[in-house]
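**Q** Submitted below is the structure of interest, expressed as structure tokens.
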Amino acid sequence: MAEHKVRSGEKYVTPQGFTAIRDGIKERPSGPDAAPRKPDWLRARLGSGANFAAVRQIVHEHRLSTVCEEAKCPNIGECWNAGTATIMLMGAVCTRACRFCAVDTGNPRGWLDTEEPENVARSVELMGLKYVVLTSVDRDDLPDGGAAHYAAAIRAIKRRNPATAVEALTPDFQGVVQDVRTVLDSGLEVFAQNVETVKRLTHPVRDPRAGYQQSIEVLAQAKTYRPAVLTKTSLMLGLGEADEEIRRTMIDLRAASVDILTLGQYLRPTPNHLNIERFVTPDEFDRYRDWALSLGFLECVSGPLVRSSYRAEQALARNNAGLDNGKLATTPAAAR
């Protein structure tokens with residue numbers, strides 16, 4: 001008998017024995033809306049070649065999850081072809097159900113892979129990374145939101161790879177300051193927590209347990225506690241936000257002394273997720289970047305396919321991570 005393939009939006013039982021929903025959001029009762037045709041500037045590179053295969057082998061052999069795969073990131077081809085990946089800690093099932101995100105949702109009931117910190121450190125060593133981005137699912141089922149596990153992974157990386165810089169895109173830890181500090185005390189270089197969207201759209205875009213002000217306060221607490229650690233956040237555009245709301249969000253983030261901002265196009269990962277309200281043009285991304293820099297951000301990496309961890313190691317080169325948005329609208333996808 002053929003094994004049942006779990007459909008997007010369907011419940012299933014994980015290998016650890018708890019239930020989860022594939023891709024995070026249940027199927028729409030009324031059926032999905034038709035997806036709009038993507039403009040040419042949103043064509044991403046395909047994954048192939050020796051580097052891509054090597055990264056996939058390393059992460060799978062070490063039982064690691066990556067946001068590249070779990071969140072259906074459009075940049076997986078470019079990043080894995082370049083020999084790098086964003087490692088997702090604490091499993092592949094999130095306790096929250098944000099309506100933009102394709103990570104599976106459920107309640108892991110305290111499950112953790114205790115070997116994960118060392119497996120992550122070995123994988124970073126094997127990939128030869130000088131800069132690594134860690135992220136994680138939300139783990140509201142854990143008393144500290146997974147902060148101690150997160151910190152253990154960073155320390156393990158530093159022990160095995162002392163010259164490797166670590167960027168941590170963390171949960172909000174429900175705003176608990178001590179849990180934020182636990183991660184900050186681990187020796188990382190960049191602390192990130194994503195505000196995701198403008199204040200008005202926070203709900204329904206994000207899970208009810210997340211909050212616009214809560215994310216900003218976490219970033220402010222991080223900068224106050226460890227001023228030398230860079231702070232970073234990300235906004236998705238194309239969800240229905242207005243220009244004045246984008247600027248207001250930038251002002252709020254600078255008031256919290258956030259150093260780095262990334263801006264990218266929201267892309268619906270499955271038909272069950274939020275609709276795309278508009279496609280932001282490359283010229284608009286350049287204009288928003290100019291706004292951010294004029295407000296005092298150290299860097300704003302801004303472009304249609306930008307994600308929080310995209311070319312993260314290049315953020316302080318102050319050149320939009322090497323992106324040239326001016327060419328995107330005029331260069332055929334096959335030539336890029």
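**Q** Mind listing whichever residues of the range 260-300 are in contact with a helix residue (DSSP H, G or I) (Cβ under 9 Å, 6 or more places away or on another chain), in a helix (DSSP H, G or I) and acidic (Asp, Glu)?
**A** Matches in the range 260-300: 283, 284, 286.
**Q** Next up: Identify all residues within the range 310-329 that are out of contact with any helix residue (DSSP H, G or I) (no Cβ under 6 Å at 6 or more places or on another chain) and surrounded by 13 or more Cβ atoms within 10 Å (Cβ to Cβ); write none if there are none.
**A** 310, 312, 313, 315, 316, 320, 323
**Q** Then there is this: Can you tell me which residue is modelled with the highest pLDDT among those in the range 301-310 that are polar (S, T, N, Q) and assigned to a loop (DSSP other than H, G, I, E, B)?
**A** 308
**Q** Related question: Quick check on my filter: what residues within the range 238-277 are surrounded by fewer than 19 Cβ atoms within 10 Å (Cβ to Cβ), under 24 Å from residue 294 (Cβ atoms) and among the β-branched types (Val, Ile, Thr)?
**A** 251
**Q** Separate question: When the residues of the range 10-25 are filtered to those that are among the small types (Gly, Ala, Ser) and over 13 Å from residue 101 (Cβ atoms), which remaining residue is surrounded by the fewest Cβ atoms within 10 Å (Cβ to Cβ)?
**A** It comes out as 17.
**Q** Okay, moving on. I'm trying to understand the selection: among the residues of the range 92-107, which are of a type in the set (A, V, I, L, M) and in a loop (DSSP other than H, G, I, E, B)?
**A** Correct list: 92, 97, 102, 103.
**Q** Another question, if that's okay. Can you tell me which residue in the range 152-190 is nearest to the chain's Cα centre (by Cα), limited to those that are small (Gly, Ala, Ser) and under 18 Å from residue 65 (Cβ atoms)?
**A** Filtering first and then ranking leaves 168.
**Q** Let me ask another. Only one of these is free of Cβ contacts under 8 Å to residues at least 40 places away in the same chain and under 21 Å from the mean Cα position of the chain (by Cα): 311, 307, 268. Name it.
**A** Every option except 311 fails the conditions.
**Q** Here's a follow-up. When you go through (1) in a loop (DSSP other than H, G, I, E, B); (2) under 27 Å from residue 249 (Cβ atoms); (3) more than 19 Å from the chain's Cα centre (by Cα); (4) among the acidic types (Asp, Glu) one by one for residue 141, which number turns out not to apply?
**A** Looking at each condition in turn, residue 141 falls short on (2).
**Q** Right, something else. All but one of (1) of a type in the set (Ser, Thr, Tyr); (2) over 30 Å from residue 28 (Cβ atoms); (3) part of a helix (DSSP H, G or I) hold for residue 257; state the number of the condition that does not hold.
**A** (3)
**Q** Looking only at the range 81-122, how many residues end up being closer than 27 Å to residue 54 by Cβ and within 20 Å of the chain's Cα centre (by Cα)?
**A** So the answer is 20.
**Q** Could you check the range 122-135 and list, in sequence order, the residues that are surrounded by 23 or more Cβ atoms within 10 Å (Cβ to Cβ) and without any contact (Cβ under 8 Å) to a residue 60 or more places away in the chain?
**A** Answer for the range 122-135, where residues must be surrounded by 23 or more Cβ atoms within 10 Å (Cβ to Cβ) and without any contact (Cβ under 8 Å) to a residue 60 or more places away in the chain: 124, 132, 134.
**Q** Suppose the filter is among the aliphatic types (A, V, I, L, M), within 18 Å of the chain's Cα centre (by Cα) and buried (at least 16 other Cβ atoms within 10 Å of the Cβ); does residue 230 pass it?
**A** Spelling it out, residue 230 is indeed among the aliphatic types (A, V, I, L, M), within 18 Å of the chain's Cα centre (by Cα) and buried (at least 16 other Cβ atoms within 10 Å of the Cβ).
**Q** Check whether at least one residue in the range 173-192 is assigned to a loop (DSSP other than H, G, I, E, B), closer than 19 Å to residue 84 by Cα and at pLDDT 95 or above, and report yes or no.
**A** yes
**Q** Determine, yes or no, whether residue 280 is more than 19 Å from the chain's Cα centre (by Cα) and surrounded by 19 or more Cβ atoms within 10 Å (Cβ to Cβ).
**A** yes
**Q** Let me ask another. So which residues in the range 168-193 are closer than 22 Å to residue 96 by Cα and in contact (Cβ under 8 Å) with a residue 60 or more places away in the chain?
**A** Residues satisfying the conditions are 169, 192.
**Q** Just the residues that are touching a Pro at 6+ places or on another chain (Cβ under 9 Å) and under 19 Å from residue 306 (Cβ atoms), please, taken from the range 239-267.
**A** 264, 265, 267
**Q** Check every one of the helices (runs of 4 or more DSSP H) wholly within the range 1-91 and list those with 3 or more residues that are at pLDDT 75 or above.
**A** 49-61
**Q** Among (1) in contact with a strand residue (DSSP E or B) (Cβ under 8 Å, 6 or more places away or on another chain); (2) within 18 Å of residue 94 (Cα to Cα); (3) touching a residue at least 60 places away in the same chain (Cβ under 8 Å), which single condition is residue 207 missing?
**A** (1)
The values are calculated or read from the model by the stated rules, or taken from the named source; none is laboratory data. From a predicted model like this one, the values you see are computed outputs, not experimental measurements. Positions of Cβ are backbone-derived with ideal geometry, glycine not excepted, and every protein chain shown enters the neighbour counts.
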